[in-house]
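Take a look at the structure set out below.
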Amino acid sequence: MRIIPVLIIGWLLLPFQLQAQDLLYTLQFNGGMPVRDLQNKVGTLFFPELNLAGYYQAPFKPIEVGINLGYSIYGTQVERRNDLFASSNQDLRIRRNNNLLTFMGVFRYTFELDARVIPFIEVQMGANYFYTRYKIRETRFAEPFEQGRDFSDWVLGYRGGGGIKIPFKNPQKGYSEIRLLYHESGPVSFLRRQDTSFDPNTRTFDYHPTRSPFQLLQLGFGVVMPIYSED
């Protein structure tokens, strides 16, 4: 796991004289399907993820390093109850979202080919943070009068795989990409939509978290563009 601080420090300490066209940003959507132990625990639970990343592209070398941030809502539940508080039987709306944040350092190697479609391989290492939040409102659009975090846990993880770049008509403007990554981590506890129950006798919520290694196959589609490009 020593590669994580190395990637982060390396990104922060890049020389200030870098050319703007060496810096890239990307917006990508990933869809993740559980495999192995995670599939045995959660079945076909789908993990969508929106990624925002920044890369430094080494001049005259097929290497990119950067930072990847990801956000996912992999489960949501809405219920109405009138027994939340002993002092009131008001009918209230409870929204609970199951969220995942990922923070990864990225290393990518692109094969130098004179072709329309260019393959690459990449590895990522970092952290996964699972958390579940709730909001209690009178109606859907009312201001919440109570909100908070039900449960959270985090774990180190890594991704590895590859994909293809498809340059735009003007390659200086960027490219689209398709990639397939395998995501692996140690055991982590998280809530699914059915893992929370309410005890009307004690007026408290009970949590029954799922615990498993986080193992996904992630298919991603995105666009990558330079921060600055010359016409």
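Each reported figure results from applying straightforward, stated rules to the coordinates on display, with no laboratory input. Quick caveat: nothing in here was measured; it's all calculated off a predicted structure. Because the Cβ atoms are built from the backbone with ideal geometry, glycine has one as well, and the counts that use them run over all protein chains shown.
For each of Lys169, Lys135, count neighbouring Cβ atoms within 10 Å of the residue's Cβ, then give the residues from fewest to most.
Ranking Lys169, Lys135 by Cβ neighbours within 10 Å, fewest first, gives Lys169, Lys135.
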Check your understanding: Excluding same-chain residues fewer than 8 positions from Lys165, which lysines have a Cα within less than 20 Å of its Cα?
Key -> Lys61, Lys173
Review point. What is the mean projected area of the alpha carbon convex hull for the chain, to one decimal in square nanometres?
Key: 15.9
Practice item. Could you pull out the GluC sites (Glu not before Pro) across the range 107-151 that fall in loop regions by DSSP (anything but H, G, I, E, B) with no more than 16 other Cβ atoms inside 10 Å? Key: Glu112, Glu138
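Given Cβ point charges of +1 (Lys, Arg) and -1 (Asp, Glu) and nothing else, what value in debye, to the nearest 20, does the dipole of the chain about its Cα centre take? Don't skip to the answer; put the middle values down first.
Working: 25 positive and 22 negative charges, 70 e Å.
Using only the charged Cβ atoms, the result is roughly 340 debye.
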Exercise for review: State, to one decimal in nm, how far the label point of Asn40 lies from the label point of Leu180, with both points 7 Å from Cα in the Cβ direction.
Suggested key: 2.4
Practice item. Work the Kirkwood hydrodynamic radius out for the range 63-188: mean of 1/r over every pair of different alpha-carbon atoms, inverted, in Å. Key: 18.0
Point to revise | Whole-Hz couplings from phi, Karplus 6.51/-1.76/1.60, listed for the range 48-64; x for Gly and Pro | key: x, 8, 9, 10, 10, 9, x, 10, 9, 9, 5, x, 6, 9, x, 10, 10
Practice item. Output the relative contact order of the chain, whole-number percent, from Cα pairs under 8 angstrom with separation of 6+ residues. Key: 21
Check your understanding: In nm, to one decimal, how far is the Leu52 label point from the Val117 one, both placed 7 Å along Cα→Cβ?
Key -> 3.1
Revision key, fill the gap. Taking chymotrypsin sites (Phe, Trp or Tyr not before Pro) in a DSSP loop with at most 11 other Cβ atoms within 10 angstrom as exposed, one finds the longest site-free stretch of the chain at 146-227
Point to revise | Options Ile94, Gly163, Gly66, ranked by Cα towards positive dipole end of the chain, top entry (Cβ charges) | key: Ile94
